[in-house]
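Below is one structure; the comments refer to it alone.
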Amino acid sequence: MKTKLLIALALCGASTAATSNPFLANALDVTGMNQDIIADRLSMAGPLFNGWDRTHPNGGDPWIEALMFSDKLDHAGQGISYKNKGAGVNVGYDHVIAKDFRLGLSLYGGAGRIKADTPVGDDWDGDDDGKTKFKSKWYGVTLYSTWTGNRVNVIADVGYAHEKDKLKGPLTSNGKTDAWFAGIRFETSFKTAAINWVPYYGVRFNHFSNDPGSDPEDGDPSFSSSPNLWQFPVGVKAGFDFTCPGQWKTATNLDLAIVPTAGKKKSAGIRYSDSVQYRAGLSLEASKGQHAFGLKYGTAFAAHDRFNQILSINYQFMY
């Protein structure tokens, strides 16, 4: 089986090496979504703040967020395109440990499918139909914090994620990707008329260690890659607060951002990241007493016909 697989790899050439790129794209999407979850819940536009005043400033918050997403890139290079679909859950807890300083930890995991379209005869599972499917699973951990000073709120995180991808077909192979990431975000807040504005700027660093695998037991290091990627999200949230029947404090927020990116955005000549991405999101938050709920929809697009979508729902208990 191993000999047959190595022959297939040699015939596929550069296209086989590109199996790493859907994996890298999925790892980047997953880590980015979970960093966004942390940033959104600690943001001044979230339920932890009432203007510049913290709600429940001396307590802690267990929370949970479930999400589902779909991402696609139609022109990755060498005639290759791919789609990612998946769902996951993120659970965490954070606590105020000093004045204006909050520290927390989150765990997350999920599963999905990656579908790659390649030129017929160059697909990666050996059946020559131009379509390759992978089952993907991932898990990760994030340590995060926030500090509120004089007219600025600072959010920081550092974390690790592991992804495992399984190819099924005439040929079978397991790939894996490890991701280490860190980020920092600065934001402030002001109000004009009835609109709350929260502009922000951030820096994120991602390091990936990817082995797409050439054998279930022994991967071929010649197809591995370890790119670094820097992201610089700049955006603004515009929100409107109102009170619903039953004294539920409710807020709706529109989030618009642009994300320039630097670093190695291709692997084996196939793109997994963009130079610039544009994002938009709409969220609805409702809180009363110690309970807060949230519903969010987000989308992102970029060159090469990239289009991402995410839908999530969350709950937190504040004490």
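Couple of notes before you dig in:
- Estimated FRET transfer efficiency when R0 is 41 angstrom, pair TYR160-HIS75 (beta carbons, to 0.05): 0.85
- For the stretch 259-319, carbon and sulfur atoms together expose 69% of the accessible surface, with a 1.4 angstrom probe and every protein chain in place.
- Looking at the stretch 180-319, the accessible area is 48 square angstrom per residue; that uses a 1.4 Å probe and ignores ligands, DNA and RNA.
- Annotation: the antiparallel percentage among DSSP beta bridges lying fully within the stretch 26-101 is about 100.
- Each Lys and Arg adds +1 at its Cβ and each Asp and Glu adds -1 at its Cβ; summed about the Cα centre, the stretch 142-204 shows a dipole of about 100 debye.
- Spin-label proximity, PHE205 to the stretch 253-282 - amide N less than 16 Å from point 7 Å beyond Cα toward beta carbon: 262-264
- For the stretch 62-113, dividing the convex hull volume of the Cα atoms by the residue count gives 108 Å³ per residue.
- Surrounding net charge for GLN316, when Lys and Arg each add one and Asp and Glu each subtract one, Cβ distance under 11 Å: -3
- Exceeding the 31 Å Cα-Cα cut-off - candidates LYS131/LYS264; LYS131/LYS164; LYS99/LYS137; LYS176/LYS288; LYS135/LYS265: LYS99/LYS137; LYS176/LYS288
The values are calculated or read from the model by the stated rules, or taken from the named source; none is laboratory data. Values in this document were obtained by computation on a predicted structure and should not be read as measured data. Heads up, the Cβs are rebuilt from the backbone with ideal geometry, glycines too, and the neighbour counts pull from every protein chain shown. These area figures cover heavy atoms from the full protein model, side chains too; ligands, DNA and RNA do not enter into them. Shrake-Rupley method; radii C 1.70, N 1.55, O 1.52, S 1.80 Å.
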